[in-house]
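See structure below.
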Amino acid sequence: MRYFLEVAYDGTNYHGWQIQPNAVTVQQVLNDCLSTVLRETIETVGSGRTDTGVHAEQQFVHLDVSRKLNIEEACYRFNRILPHDIAVKNMYEVLPDAHARYDAIARTYEYRISLVNNPFLHAYSHYLGRRPNIEAMNEAAAALLNFEDFTTFSKVKGETKHYRCQIFRADWQLQQDSLCFTIRANRFLRGMVRLVVGTLLDVGSGKLTVANFKDIVASQDRRLASAAAPAAGLFLTKVEYPTNYFLPE
């Protein structure tokens, strides 16, 4: 039987989501937990990858098990042995061919910035000593909705077959002593959001104009993008699937 898990995690102590040699990853820790509780080998498939130090408030994974599970009991047992920085929020029965990655229709990320030096926020936000030009950053961010090819904001290495994404939302919001950048799209390239944020912050600091930003996106030249924003401020906050995708309990 196939199930979806809704998972949240603090990425601070992990080398990203995806299993890799000689590194502790969220997926590996989760797989080991599920295999222990269910007493069979479990290999999860995530809705997407998050890089080293990136967090997730909502990540979905699918897994196959040999029997029908009591969802409430299974979630309780998973959370009993998972480390404090990984949590199973819910579990859903799905059709046998449901796929956490390929069936997702939209994903939302938030990049969080603190405008005050708060030591308790350093693991979960990027500190800026000066308030940037939010109006200019929003004007530049709005231009992202007019592009389809985001080669400029992709890492060189990877198995990506194309660099086309449909962005549905991209904007900055001021919240007291913090800034939040929200971006929603059908898919994201590896490292894309942090490169977008880093380049937008250069607009906000005056290093780039809005016209410069548009030219950089249009160039499809990775070398023209600014440095990636630090990982700590990035959160995967929402993964969306078609209406009535999960089977009723």
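When shorter helices are ignored and each DSSP H run of at least 4 residues is given -39500 (n - 2.57), the per-residue value for the chain at 222 nm works out to -7000 deg cm²/dmol.
Just so you know, the Rg over Rh for the stretch 2-102 is 0.93, from Cα atoms, with Rh as the Kirkwood radius.
Computed from backbone phi, the HN-Hα couplings of the stretch 85-90 come to 9, 9, 9, 8, 8, 6 Hz, rounded to whole numbers (Karplus: 6.51 cos²θ - 1.76 cosθ + 1.60, θ = phi - 60°; Gly and Pro given as x). Say R0 is 45 Å: what FRET efficiency, to the nearest 0.05, do D97 and S219 get from their beta-carbon distance? About 0.65, to the nearest 0.05. Using only alpha carbons, the stretch 106-237 has a radius of gyration to Kirkwood radius ratio (Rg to Rh) of 0.94. Using 1/(1 + (r/R0)^6) with R0 = 25 angstrom and r between the beta carbons of R164 and D64, what's the FRET efficiency to the nearest 0.05? Result of the calculation: an efficiency of 0.25. At the residue level, E135 shows approximately 130 square angstrom of accessible surface with a 1.4 angstrom probe and all protein chains present.
The C-alpha atoms of the chain define a longest principal axis, and helix 210-219 lies at about 60 degrees to it. For H126, the amide hydrogen comes within under 5 Å of the amide hydrogens of R112, I113, S114, G233, counting only partners 5 or more places away or on other chains and with H modelled in the peptide plane. Close Lys pairs in the chain, defined as Cα atoms under 23 Å apart and 8 or more places apart or on different chains, number 5.
For the stretch 58-157, the Kirkwood estimate of the hydrodynamic radius, built from every pair of different alpha carbons, is 18.5 Å. Helix 26-38 and the long axis of the chain differ in direction by around 10°, with both axes built from C-alpha atoms. Amide H to amide H distances under 5 Å link A106 with E240, where only residues 5 or more positions off or on other chains count and H is placed in the peptide plane. For the stretch 71-77, the Karplus equation 6.51 cos²θ - 1.76 cosθ + 1.60, evaluated at θ = phi - 60°, returns couplings of 4, 4, 5, 5, 4, 4, 5 Hz by residue, with Gly and Pro reported as x.
The values are calculated or read from the model by the stated rules, or taken from the named source; none is laboratory data. Given the structure is predicted, the values throughout are model-derived calculations rather than measurements. All Cβ positions, glycine included, derive from the backbone under ideal geometry; neighbour counts span all protein chains shown. Ligands, DNA and RNA are excluded from the accessible area calculation, which covers all protein heavy atoms including side chains. Shrake-Rupley method; radii C 1.70, N 1.55, O 1.52, S 1.80 Å.
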